[in-house]
Amino acid sequence: MDASSILPSFKQPIRLRELVDSKRVIFEIDKSNLDSDMVLEDDDNATGGYDEDEGPVTDIDPQRYAAREKRRGLLQSYGIDPQINFISFYEEDKMAEMKNLVECGAVRKTIIREGQGPLVPQNCKVFLHYIISGNGLDDPFDSTIMQGYPQCLDLRQPEVIPGLLVAIQSMHIREVAKVWIRSDYAYGALGCPPRIPENLDVFCILEILDLIEENQLKLVPYMTSDERGLLEFREIFDAAKDLRAIANGLYVGAAWWPAVKKYRKAINILEDYGTQTQDDQKQREQFLYTLYMNLSACYLKLGRPQQVCTACKLALRSAEFSKQTVDAKLYFRFAEGKLMLGAGKDAKNLNQEALRRDPTDTAILDQKKRIEADIEHDRLTTKLTYTKIGKAFCSSERTDT
């Protein structure tokens, strides 16, 4: 399976000349080419909170999903109506009460909830929730809380607006604050129309969740893609092995969601790295096969059949690239995922592949019985449905005559 086959494609090719000439272009996804099984993200948390290797995971298990409803109360405590999504804290007569963070008064702050520990340092990565609006706007133009997951800001990058940088570096972990930023410390005279008007004074609510300090950012798992690209393959490979070792320990302790995060981080840093030799590529694909096998086991424990199928498909891809023998466990897990999705015939074919590799394994033999029972149940259900339809049709014909 080609790696490109797991990605959606456009129905029509993009004509670059039309883009250059500023003509109207419609990008339309070819849905007929999508594979519904190719999902590795968590269904209810597609953008995933944030990676455990880049801070704590806010939504690491299904029990945490209920906490999202509690955000409604949190929004109201911040001065936000969750029904119409606007910020109501900005009042001219309260501006004087806000603390100046710069001498010219262009950035001001009021603490809603005190934080803990030292101030946010320079050159770190910060994980935070924010809601950002502006003077005269009814709705926020950016909100991580409405999106349902926090944001990671790299304070080493110039993209962070000056006023926001000043505000963040005045805060502590777990602190919640209201911040006002004058336009020249925000998006400037031009703004970013139509979303952000020109000369917009910005006000926002910030909640600092966690951070990664500068010295940690020098470790391989925390590096940017470009930084890792300058390393030798052995350094990348060793970092991936270390992550897998941690994930294995989490799996043994039944901490399956955190294990998923570690396995996926190991996969990401391997797949993101451009190997220079065939030997390195083969070694990478062999280890990716192992990681995807581990990932499929985690998702099976978590009852995530689509992700099980995706992990198994990607493991097969890596096995094909590295020309290695496929373990019976992979086909067993793949079949289990298909069975959970109600695809009995696909599950049967995969179970047969598993039996070819290990015909005496009791778990695989038991799976075969369950698949056969499931297929038979579907057959009887279909037969009964068509029988009822036929009887209803005959009854209606007699009534008409």
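Condition check ((1) in contact with a helix residue (DSSP H, G or I) (Cβ under 7 Å, 6 or more places away or on another chain); (2) farther than 21 Å from Leu217 by Cβ; (3) among the basic types (Lys, Arg)) across all residues:
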site: Gln116; (1), (2), (3): no, yes, no
site: His129; (1), (2), (3): yes, yes, no
site: Phe141; (1), (2), (3): no, yes, no
site: Met146; (1), (2), (3): no, yes, no
site: Arg156; (1), (2), (3): no, no, yes
site: Val160; (1), (2), (3): no, no, no
site: Asp184; (1), (2), (3): no, yes, no
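Quick grid of which residues meet (1) out of contact with any Gly (no Cβ under 7 Å at 6 or more places or on another chain); (2) without any contact (Cβ under 8 Å) to a residue 40 or more places away in the chain; (3) assigned to a loop (DSSP other than H, G, I, E, B); (4) surrounded by 11 or more Cβ atoms within 10 Å (Cβ to Cβ):
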{"site": "Lys313", "(1), (2), (3), (4)": "yes, no, no, yes"}
{"site": "Ala347", "(1), (2), (3), (4)": "yes, yes, no, yes"}
{"site": "Asp374", "(1), (2), (3), (4)": "no, yes, no, yes"}
{"site": "Leu380", "(1), (2), (3), (4)": "yes, yes, no, no"}
{"site": "Ile389", "(1), (2), (3), (4)": "yes, yes, no, no"}
{"site": "Ser395", "(1), (2), (3), (4)": "yes, yes, no, no"}
| said: Condition first: surrounded by fewer than 21 Cβ atoms within 10 Å (Cβ to Cβ) and of a type in the set (Ser, Thr, Tyr). Can you find one or more residues in segment 224-239 that meet it? | reply: yes
| said: Quick test of your reading of the structure: Glu214 fulfils all but one of (1) in a loop (DSSP other than H, G, I, E, B); (2) more than 30 Å from Val176 (Cβ to Cβ). Name the failing condition by number. | reply: (2)
| task | Report, by residue number, each residue of segment 320-331 that is surrounded by 21 or more Cβ atoms within 10 Å (Cβ to Cβ) and either more than 25 Å from Pro258 (Cα to Cα) or out of contact with any Asp or Glu (no Cβ under 8 Å at 6 or more places or on another chain) (or both). | result | Leu330
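Could you check segment 112-134 and list, in sequence order, the residues that are surrounded by 15 or more Cβ atoms within 10 Å (Cβ to Cβ), closer than 21 Å to Val160 by Cα and out of contact with any Pro (no Cβ under 8 Å at 6 or more places or on another chain)?
Narrowing segment 112-134 to residues surrounded by 15 or more Cβ atoms within 10 Å (Cβ to Cβ): 112, 115, 120, 124-134.
Filter once more, so that each one left must be closer than 21 Å to Val160 by Cα: 120, 124-134.
Once the filter is applied, which keeps residues that are surrounded by 15 or more Cβ atoms within 10 Å (Cβ to Cβ), closer than 21 Å to Val160 by Cα and out of contact with any Pro (no Cβ under 8 Å at 6 or more places or on another chain), segment 112-134 yields Val120, Cys124, Lys125, Val126, Tyr130.
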| field | Sole exception among (1) out of contact with any Gly (no Cβ under 9 Å at 6 or more places or on another chain); (2) closer than 16 Å to Gly337 by Cβ for Arg357, by number | value | (2)
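From Arg244, Arg264, grab the single residue that is crowded, with 19+ Cβ neighbours inside 10 Å and either polar (S, T, N, Q) or in contact with a Ser or Thr (Cβ under 8 Å, 6 or more places away or on another chain) (or both). Spell out the reasoning first.
Numbers: Arg264 fails: either polar (S, T, N, Q) or in contact with a Ser or Thr (Cβ under 8 Å, 6 or more places away or on another chain) (or both).
So the residue among Arg244, Arg264 that is crowded, with 19+ Cβ neighbours inside 10 Å and either polar (S, T, N, Q) or in contact with a Ser or Thr (Cβ under 8 Å, 6 or more places away or on another chain) (or both) is Arg244.
Every number here is computed from the coordinates shown, using simple stated rules; none is lab data. Remember, predicted model here, so these are calculated numbers, not experimental data. Methodologically, a virtual Cβ is constructed for each residue, glycine included, from the backbone with ideal geometry; neighbour enumeration extends over all protein chains shown.
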